[in-house]
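One structure is given below, encoded as structure tokens.
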Amino acid sequence: TASAEITEPVIKEEIVEDIKTEASIVIEENKIDYLKNNGVDIDTALSLLGDIEMYNETLEDFKNNFNEKIIKLKRFKDANDMENYAILVHSLKSDSKYLGFTKLAEIAYEHQMKSEELNVDYINEHYMELINEVKESGLPYFSNIVIHHDYRGLKLGSIMVEYILKECKDKYYK
């Protein structure tokens with residue numbers, strides 16, 4: 001039939017357990033592929049951070065402080081405060097490196113070196129290059145694989161919920 005029918009009575013807990021099982025498989029397999037397919041050097045990141053859980057924690061921390069960090073970076077640049085700019089761009093470089101955003105880490109490193117040399121002209125001339133790479137890298141937006149969506153007690157990346165439900169649907173519906 002065109003409409004979905006439950007093939008047999010299903011206990012809600014059984015469905016939730018199947019979703020949890022499917023979720024753990026999907027998250028582990030697809031999260032790393034998703035990052036790789038979007039230009040993230042996840043292999044290096046995982047070698048530096050140890051595992052995907054630590055990666056997620058680091059990404060979550062980065063996401064929580066990202067907007068404030070970019071606002072301060074601009075404020076320090078505009079005030080020609082190279083000392084604080086250097087500290088903040090060093091942090092951006094380290095986060096980017098640990099999270100596998102290699103090109104952004106390289107650009108941030110150049111900004112760090114030049115700001116430590118008090119080269120205000122370089123910083124002003126190349127600031128938009130740094131900001132454009134932040135945007136192009138998608139780093140502030142990669143949090144969608146870590147932002148947790150609570151589905152019956154599960155904490156899943158919002159991208160994964162629809163996929164997981166689709167995978168489990170065939171078992172219960174025809």
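Residue-wise test of (1) at pLDDT below 95; (2) more than 13 Å from the chain's Cα centre (by Cα); (3) under 17 Å from residue 126 (Cα atoms).
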site	(1), (2), (3)
47	yes, yes, no
51	yes, yes, no
71	yes, yes, yes
89	no, yes, yes
99	yes, no, no
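The lone criterion from (1) part of a helix (DSSP H, G or I); (2) under 19 Å from residue 135 (Cβ atoms); (3) not acidic (Asp, Glu) left unmet by residue 40 is number (1).
Checking the stated criteria, residue 1 turns out to be of a type outside the set (Gly, Ala, Ser) and at pLDDT below 60.
Working only within the stretch 66-111, note down all residues that are of a type in the set (Asp, Glu) and either assigned to a helix (DSSP H, G or I) or open to solvent by less than 30 Å² (accessible area, probe 1.4 Å) (or both). Correct list: 68, 78, 83, 95, 106, 110. So, residue 17, is that one modelled with pLDDT under 85 and part of a helix (DSSP H, G or I) or not? The answer is yes for residue 17. For the stretch 115-133, the tally of residues that are in a helix (DSSP H, G or I) and either of a type in the set (Asp, Glu) or open to solvent by 50 Å² or more (accessible area, probe 1.4 Å) (or both) stands at 9.
The values are calculated or read from the model by the stated rules, or taken from the named source; none is laboratory data. Since the model is a prediction, treat every value here as computed from it, not as a measurement. As a convention, Cβ positions derive from the backbone with ideal geometry for all residues, glycine included, and neighbour counts pool all protein chains shown. Remember, those area values only see protein heavy atoms, side chains included, never the ligands or the DNA or RNA. Shrake-Rupley method; radii C 1.70, N 1.55, O 1.52, S 1.80 Å.
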